[in-house]
Structure formats: C-alpha cells, structure tokens
Amino acid sequence: MKKWYVVLIGFCVLLFLSGCWDQELLKNARLLSIAGFDKASENKLFSTYVFHDQPMSESQEPKDEIKSAIGRTPRETRDKVDRKLSNYFRAYKNRVVMIGEELAKKDIYPILDIFYRDPHSSLNAKIVVAQGKASDLLAMKKVGNTLISDEIPKLIDGSEEKTLVTAENIQSICPVLFDPGEDILLPYLTKKETDIECAQLAMFHNRIFTGVLNPNESTMFLLLKGSPGKIARMTREEIDSDNSSPITFDVEKAKHDMQVRVQPKGKIVVTLHADWKIGITEYAQNHLNEQKIVDRLNRKISEDMTRLARQTIKKMQEAQCDGFGIGRRIIAFHPQVWKKMKGNWAYHYKKVQFKADVKVKIIHSGVIN
Amino acid sequence: MFFLKKLFTNHQKKKPSEETVGLYSSLAKNLNYLQTNLSHSSDLKWEQINFNNKKGILIYLESVTDREKIEKKVIYPLHKKAEGVIEEILPIAQFKKIAHLNKLPLLLVKGNCILILEGLHEAYVMGVMPSYSRSISEPSNEQVVRGAHDGFIENLTTNLYLIRHRIESTKLKVHYYEVGEITKTKVAVLYMQDIVNPKLVAEVDRRITSISTDTIASTGIIGEFIETSPLSPFPQILYTERPDRTAVNIMEGRVAILTEGDSSAMILPVTISAFYQSPDDYNSKWIIGSFIRLIRLASILIAFQLPAVYIAVVGFHPEILPTELIFTVQSSVGKVPFPPILEAILMELTLEVIREAGLRLPSRVGQTIGIVGGLVIGESVVRAGLVSYPMIIVVSLTAIASFVVPSHEMSTAIRILRFPLMVLSALFGIVGISVGLLFILIHLCRLESFGTPFLAPFSPLRMKDLKDTFVRFPIWKLNQRPHDIHPQRMTQEDYSRGWDADGQKEQ
C-alpha cells in the first residue's frame, strides 16, 4: 500500500517539474510552402520563402506571404526571415525546393543539407531547378487565379504523371547525390510570359547542373529509364511520307532492357532496347484499319523514336549526366574496370558507346477503327 | 492510514441469534409480542376469528399481503365451515405450522398471514403474497432489432421462469442464497450442473456467503462485493437484462446471478469480448453480424483514443497531417485562445454534462437538451472562438462512438480512461499515448474474472476461440464452447449441416 503512495506522489511531482517540453503547437506555426534559392553577389545566397496563410474566416481568400533574405547559408536566411515573421517559421510542410539556374551550376548539396539534418523537415518536398531566377518565378504570386504555393506543387505532380519530368523528392535524390555512378535529373521550370511550364529536365553531373533536355527528350529518357508516369504521350511529324501529317500516340506498355558490357580493351558498350506498345490517339490521315498502313506506321515511328533516343543519349553524354546509372552497373559488375575509371568517370562516360533502338507496335487506334 | 482503514473496513461481528420463544397461550400476549417485534408498525392488522369454538386471531401486514386473497381463501372458508381441520379447509398451497413465536415477525414481513388459535401451541402460516409486478417488456438499454423482446423484471420468480422457459433441462440448477443481514434479499445462482466448472461454482458460493452487509439494494452491490479486482475501471461481470443473453451464457457454462427486486442478471466469468458483443450479432446472418461487430470494435478504439490522438497531432506532431488538411485545421485552431488539452477537456466535460442531464430529464424535455447542447453550444462555442471546428468533430465522433459500445459498464470505463490518455498526450504527444496504452494493456493482461483471464482468448492465445471474437463465424463452425471457462463438456454443436452433401465432402 505504501509503495503505491510513493509511486503516485512521485508521478504528481513529476508533472510539475519543468523540463524539456517539446510541444509544437500547430497554431503557432507559419507553414513554409515553397523555398526558392538563388545566387547573390559575393558567394551569398538569396532565399525566397513562400508561406501559405489560410484565413480564419471562410469568407476571406487564402493568401501567400513571400519573404526573402540574403545570407551565407540557408539556415542563416531562414533565421533572418523568421525575424520578420509573426509566429514561428516551420518547414515541415514544405512542398517544393526551387533552385535558381545560376546557383545550381555549383554543388547543390549545401542548399539541401538543412533539410536532411532536421528530423521534422518534409522529405517528400519536390526539388526543382528554375530557369533564370527562382525568385522571379515566385514573385509572380499568382498564376491565373491559383496561388503560387498551390500552383507549383500541383504543376509538378501533373507533369510527373504525364511522363514529362522525373518524380524526385528530397528523400529520393539523397542516395543518388552521393553515388559516383549515377546522376540526378530534376524538373526544370520555365517561365512562359504569365505562366509556368514544367516539361523539361535539368541534367546534373556530380550535383552540378549541366544542361536541359527538351520535353520530348525528357519523355524519352523516362521511358528508357523505365519510370513512366500514368500517361506518356508524344506528337510527332510523320517525316518522310508524301502527305505528311502529325501523329499523336500514347505509350501504353513500355518494356525496356539495358545491358552494359565492357569489351576487353576497356570500351564500354551499352545496349538499350525498348519495346513499346502504343495506341494512336490522333491521326487525321486515318485508314488505320488497313494492315499495310499500320505496318508502315510501325516502321516509321520506330525509326523516328530510335532517332530521338539517340539524340537524347547524345545530349546526356555531352552534359556528362549519367542518368541511366551506367557507372553504378560498372561498380557492381566490373569493379576492376571501375577502379581504373573512377578518377575520370565523366571523361569515360562521354566515350561510352550506346546502341539504342526502339521498337514500336500499334495495338489500338481509338474507337473509330 | 488508520482513519482510512476505519472508514473502509467491514466490522464483521455477527449478532447473536435470538433465543427461541414458544407461543403464549394468551392471544393478547402473542399479539403484543408481534407488535413489539414489528416496531408497532401501523400496517400490522389483525382480526378476531372464531373457529372450533376457540377464539382466534388472524394477523397480517396489509402492505405485503393481498387483502382479497385473505378474504377469499382464509376468512370466508373459516366462517363457512366454523369447525374441522384447518389444513383441509383452507385452499392455500403455501401453508405451514410454526411453533416458535420468534420466527413469526419475519414471516409476516415476507407476506404471510398468521392464524393463532387460543391454547394451541402452533401458529398457522399462510402465504398470501400479492402478485404485483410490471409486465415483461424489452429492456430499453439493450434493445435488439430482431429476436426476443422480453426482459427481466423486478420479480425473481418471473425472472427464473424466463430462464427455465428457455432452458427446459433438468440439469439447470437454481441455488438460493439470502444475502443482507436485515433485508434478507433472495439471490439466485443459476448454472448448468453438467456443463459448469465445479470449481467456479464453489468460488461463487464462497464469495457470496462471505458477504456480510445489512442491505442489498441491487445486483450491482453484490457485484462489487464479489468482483476480483474492484479497483479496476474495467467491469469483470456482465450485467444484462436480457433473458436470452443470460440463457445462452448459462449454456456456455457460465454462472448467472439474479437478485430479488432487480431486473438485471450478473453473468460471470466474462472476458473482454463479451462487452462488445450483442445478441443482434447472432440474430442476423454471420457476415452482417461480423461486420457490425468490427464497427463496434472500431468505435471502441475511437471513443478511447481519438481526442488523445488529436491533441497529440495538433500539439506535437502537426507534420503528420496531409498538406491539404493542415491548412484547414490550422485556420480553425489559430484563433482558439487555449492549448488543445484545455479545449478538449472543456468540450468533453460539456458533453458529459449534457449526457448526464439528458439522462435525468423526462423524455419530453430531453429534446430541449438536444437543441441547447448540440446546436447552441456546438455552434456558438466555435463562433465565439473558444473551441475549434476539428475539436467539435472529434468530440462528437467520440460521443457517438462511445454510445455504440453495447455494455454500459464498458462504455463508462472507456469514457473515464479517455481523460488520463488525453493528459498524457498533452504532456508527451504520441509517446504519452503509447505509454498510457501500454499501462492499460498491462493492466488488462493481469486482470481476471473469477479465475478466467480477462483477455482470453487473445492472451492466453487460443486460436479456436477466436472464431467468436472479432468476427462471428457461422454458427455451424462454432462447435466448441469457449475454453476460457473450462466447461465440463466442450462440444456444443456437432455437424448440424449433415444434410448438405456438398458440405460433407468439404469437412
């Protein structure tokens, strides 16, 4: 009986002891939606933070609050912004990290370090590269009628589903950032007058921004990599036909096969073979019920796609972006070869011989025939 | 300490039993004795009667006897015959001859009338109890959609009839006890002689006979006397007003205890699963029964933890809210001046007050409470910025979920345990909730009801008994009685679907 009293009193006393109370009230938080980083003069960082404020009453419209600061590190700019902000700066619902083009031409890890260190930070935030300056894009405040804090994340989501850009977030790029045998590709946002477009990929080499793939090349890369979204659609001219007309198709099923071989002399040969089943979604020439025409289209599109694939790979090689992870394969299967190439992988990667071909087969052409 | 002990201990000193007193030859003396022993109560009536040329006196308590029965069955025959053997004349079944005067007062209180003839040394005791009882109706707190609609009433004999009527077996044993030094309340213990675990019966007998109190006001009081762990918030005895539920439990090998003057039966021992089961589960098809049972289980979890989880989320881990939701919650929480725990306790207490008020009010006024409580408080409290919308939703969900729990005792236990969990979550977030739940689980694991583990068949795990816990398997799959009560016969059903040739192959 006495023991119980001791325990009970002990508990009561504990309740009144002051200590480290890690309470984190939602009502005291200012929630960061988008963080944009740009290069400022003298190796400094110009950060733009977009906070989303939901109004207390239903009749008012939600608003975005944009604050910016210059500092040496992201944490410093964050603290500087916090000084200008009511309540507390909280980044656990951050949705997008946007890096300006100029800044991305240096190592991007110092910008991301803060996100990996804080256990509360949102690891599923998208990470993108902005054409020009991130602050310019964020300064738009609204795109059409949508707030920028809502527009950009949803824009990226949509583009991911349309197989236009890679579906990467802070968590998923982390292992690739530190992998010498693979490079990341991030969505590349461009400003088109009053709109923002997300359809291109920014290529990186060793955490440094090196080039951009155009929309068709981006889709091709994603299909060859084997990570398509829900829809993969392309519109191409049927080039060497007499009555040329554009054709639009969806890639319904994409099989891909990549083999990395090292020849005795140390030359690396990569065979990329893709086998696509496509559906025609638009083709004004019609007559798709005739097997002859279908066969001809199969051949033409295959040729066109193979050309596009080679063009994409060439661009990537020029940018030294090893998005397919050729280096990783070599590390895994040919460690001896890697030992030799390790010091100068970018050089060797440029010399890798790619043998890409795409085989296309039309499996349906809509409801009319 | 001594003071507490003094407050709570029973002084189990038995009064010495009275000495036996023979009947006096004088009627007046006898009457005087009875009057003294019945505290000169005003409802003690007596009438002069002459029989066999002897002066006699007929004594009864008018409040516990049926005046009409006395006239028809006692006074009228005695007047008509005037002579003869009393046993033969009176058309009364409950007839006794008692030689001890000291036994008479108690018999009077129990509804007998007593005829004392001058000079005789024996008194004639005749049972003339009135049969006032309310009709057998469905208990309002345990209604079912389909199935039996009768319920226990305040009369023990009727209640026993309701059970005997359901179990027409010679093995159904009723054992009477008289509990209460003064009230002498009749308590009946029912069980199936050939199924029940004899050790359990012995234990029940031991605990009931050890009760030494003046008054037994209700079944619940006996329950508190015989419960294994009275300090636990969880009920270890199932109270029910349904004869069908009682009968089924008796047939499973459990013991039922009924009390005179109370319309609920106690069933023991029970395990935790009994508290979220309802006869409805067995009346409807097994798929529907299982579904509803799962919903009930989910409601128990909601009633138990939802406010605590909400407090933890808003106060400690807002990052687990989805992006779209967090802004809605934040905009509502933002203008509340209190920390979430205060907000929650304020609302929960308001709810408990409304519930209690609704219970005490006549049903016609009850609607007013609904409007005042639900609309006025619910709406204005948010408008005034005292409580946030999500909190209102959480509290209302909790309230609705807690009403789903079929057992009133379990429902109250859950309502009470919600508060410590809320405090823990306000202090330590999800960690606090986990620790709180851990403590509750540890407590449940060591809890037992009359030697049966409370968490059976989960702990100790017995796969066969899981058939009738979370879900209800089809009746023809439930071949065995639950193992936790150690019945003498395990098999309760065997191959009732033997007619089904296809089913036969499967088995």
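The values are calculated or read from the model by the stated rules, or taken from the named source; none is laboratory data. Source: prediction; values computed, not measured. Positions of Cβ are generated from backbone atoms using ideal geometry, with glycine treated the same way; all protein chains shown enter the neighbour counts.
Here B:Ile136 fulfils each of the conditions (1) in contact with a His (Cβ under 7 Å, 6 or more places away or on another chain); (2) not assigned by TED's automatic domain parsing to the domain that holds B:Glu47 apart from (1). Annotation note: of A:Gln353, A:Gln317, A:Gln336, the sole residue that is polar (S, T, N, Q) and either within 23 Å of the chain's Cα centre (by Cα) or not assigned by TED's automatic domain parsing to the domain that holds A:Asn286 (or both) is A:Gln317. Scan the range B:254-263 for residues that are part of a loop (DSSP other than H, G, I, E, B) and buried (at least 24 other Cβ atoms within 10 Å of the Cβ) and jot them down. The answer is B:Arg254, B:Asp262. Restricting the range B:27-42 to residues that are assigned to a loop (DSSP other than H, G, I, E, B) and free of Cβ contacts under 8 Å to residues at least 60 places away in the same chain leaves a set whose member that is farthest from B:Asn102 (Cα to Cα) is B:Ser42.
Total residues in the range B:44-61 satisfying the condition of being assigned to a strand (DSSP E or B) and either of a type in the set (A, V, I, L, M) or touching a residue at least 60 places away in the same chain (Cβ under 8 Å) (or both): the figure is 11. State all residues of the range B:324-335 that are surrounded by 18 or more Cβ atoms within 10 Å (Cβ to Cβ), without any contact (Cβ under 8 Å) to a residue 60 or more places away in the chain and within 7 Å of chain A (Cβ to nearest Cβ); if no residue qualifies, say none. Result: B:Ile326, B:Phe327, B:Gln330, B:Ser331, B:Val333, B:Gly334. Of B:Arg164, B:Arg206, all but one fail to be surrounded by fewer than 14 Cβ atoms within 10 Å (Cβ to Cβ), basic (Lys, Arg) and either in contact with a strand residue (DSSP E or B) (Cβ under 6 Å, 6 or more places away or on another chain) or not assigned by TED's automatic domain parsing to the domain that holds B:Leu38 (or both); the exception is B:Arg206. Inclusion of B:Thr452 among residues that are within 23 Å of the chain's Cα centre (by Cα) and crowded, with 17+ Cβ neighbours inside 10 Å is warranted. Out of B:Pro487, B:Pro406, report the one residue that is assigned to a loop (DSSP other than H, G, I, E, B), assigned by TED's automatic domain parsing to the domain that holds B:Ile295 and over 30 Å from B:Gly315 (Cα atoms). Residue meeting the stated conditions: B:Pro406. Which of the following residues is out of contact with any His (no Cβ under 8 Å at 6 or more places or on another chain), loosely packed, with under 13 Cβ neighbours inside 10 Å and of a type outside the set (Val, Ile, Thr): B:Leu359, B:Leu351, B:Leu321? After applying the criteria, what remains is B:Leu359.
When A:Met220 is tested against (1) in contact with a helix residue (DSSP H, G or I) (Cβ under 7 Å, 6 or more places away or on another chain); (2) under 23 Å from A:Ala125 (Cβ atoms), just one condition goes unmet, and that condition is (2).
Taken over the range B:80-116, the residue count meeting the criterion of being part of a strand (DSSP E or B) and crowded, with 20+ Cβ neighbours inside 10 Å is 5.
The condition (being touching a residue at least 40 places away in the same chain (Cβ under 8 Å) and farther than 30 Å from A:Ile231 by Cα) is satisfied by just one residue among A:Ala309, A:Ala274, A:Ala346: A:Ala346. Within the range B:443-465, is there a residue that is outside the structural domain of B:Ile237 (by TED's automatic domain parsing), farther than 28 Å from B:Pro233 by Cα and outside any helix (DSSP H, G or I)? Scanning the range B:443-465, I find no residue that is outside the structural domain of B:Ile237 (by TED's automatic domain parsing), farther than 28 Å from B:Pro233 by Cα and outside any helix (DSSP H, G or I), so the answer is no. Within the set A:Arg90, A:Arg95, A:Arg72, the sole residue that is within 17 Å of A:Ile152 (Cα to Cα), basic (Lys, Arg) and either touching a Leu at 6+ places or on another chain (Cβ under 6 Å) or in the same structural domain as A:Asp113 (by TED's automatic domain parsing) (or both) turns out to be A:Arg95.
Does any residue of the range B:221-240 turn out to be among the aliphatic types (A, V, I, L, M) and in contact with a Ser or Thr (Cβ under 6 Å, 6 or more places away or on another chain)? Scanning the range B:221-240 turns up no residue that is among the aliphatic types (A, V, I, L, M) and in contact with a Ser or Thr (Cβ under 6 Å, 6 or more places away or on another chain).
Could you please let me know if B:Ala384 is out of contact with any Lys or Arg (no Cβ under 8 Å at 6 or more places or on another chain), within 14 Å of another protein chain (Cβ to nearest Cβ) and modelled with pLDDT of 90 or more? Spelling it out, it is not the case that B:Ala384 is out of contact with any Lys or Arg (no Cβ under 8 Å at 6 or more places or on another chain), within 14 Å of another protein chain (Cβ to nearest Cβ) and modelled with pLDDT of 90 or more. B:Ala247 passes every criterion in (1) of a type outside the set (Val, Ile, Thr); (2) closer than 26 Å to B:Arg134 by Cα; (3) surrounded by fewer than 23 Cβ atoms within 10 Å (Cβ to Cβ); (4) within 14 Å of the chain's Cα centre (by Cα) apart from (4). Against the test of being assigned to a helix (DSSP H, G or I) and more than 39 Å from the chain's Cα centre (by Cα), the options B:Phe327, B:Phe338 yield a single qualifying residue, B:Phe327. Residues that are within 14 Å of chain A (Cβ to nearest Cβ) and either of a type in the set (Phe, Trp, Tyr) or under 25 Å from the mean Cα position of the chain (by Cα) (or both) within the range B:287-321 comprise B:Tyr310, B:Phe316, listed in sequence order. Within the range A:81-112, the set of residues being part of a helix (DSSP H, G or I), surrounded by fewer than 18 Cβ atoms within 10 Å (Cβ to Cβ) and without any contact (Cβ under 8 Å) to a residue 40 or more places away in the chain comprises A:Asp82, A:Arg83, A:Pro110.
Here B:Val376 does not fit the description of being touching a residue at least 60 places away in the same chain (Cβ under 8 Å) and either in a helix (DSSP H, G or I) or exposed (fewer than 13 other Cβ atoms within 10 Å of the Cβ) (or both). When you check A:Arg78 against the structure, is it among the basic types (Lys, Arg), surrounded by fewer than 17 Cβ atoms within 10 Å (Cβ to Cβ) and either more than 14 Å from chain B (Cβ to nearest Cβ) or over 22 Å from A:Arg117 (Cβ atoms) (or both), yes or no? The answer is no for A:Arg78. Only a single criterion out of (1) buried (at least 20 other Cβ atoms within 10 Å of the Cβ); (2) closer than 23 Å to B:Gly315 by Cβ; (3) modelled with pLDDT of 90 or more is not satisfied by A:Leu26, namely (3).
Scanning the range A:35-42 turns up no residue that is more than 32 Å from the chain's Cα centre (by Cα) and either touching a residue at least 40 places away in the same chain (Cβ under 8 Å) or surrounded by 14 or more Cβ atoms within 10 Å (Cβ to Cβ) (or both). Examine the range A:199-210 for a residue that is more than 27 Å from A:Arg329 (Cα to Cα), modelled with pLDDT under 95 and not assigned by TED's automatic domain parsing to the domain that holds A:Glu318, and state whether such a residue exists. Looking for residues that are more than 27 Å from A:Arg329 (Cα to Cα), modelled with pLDDT under 95 and not assigned by TED's automatic domain parsing to the domain that holds A:Glu318, one finds at least one in the range A:199-210, hence yes. Would you check if A:Phe115 is farther than 28 Å from B:Pro390 by Cα, at pLDDT below 95, surrounded by 19 or more Cβ atoms within 10 Å (Cβ to Cβ) and more than 10 Å from chain B (Cβ to nearest Cβ)? It is true that A:Phe115 is farther than 28 Å from B:Pro390 by Cα, at pLDDT below 95, surrounded by 19 or more Cβ atoms within 10 Å (Cβ to Cβ) and more than 10 Å from chain B (Cβ to nearest Cβ).
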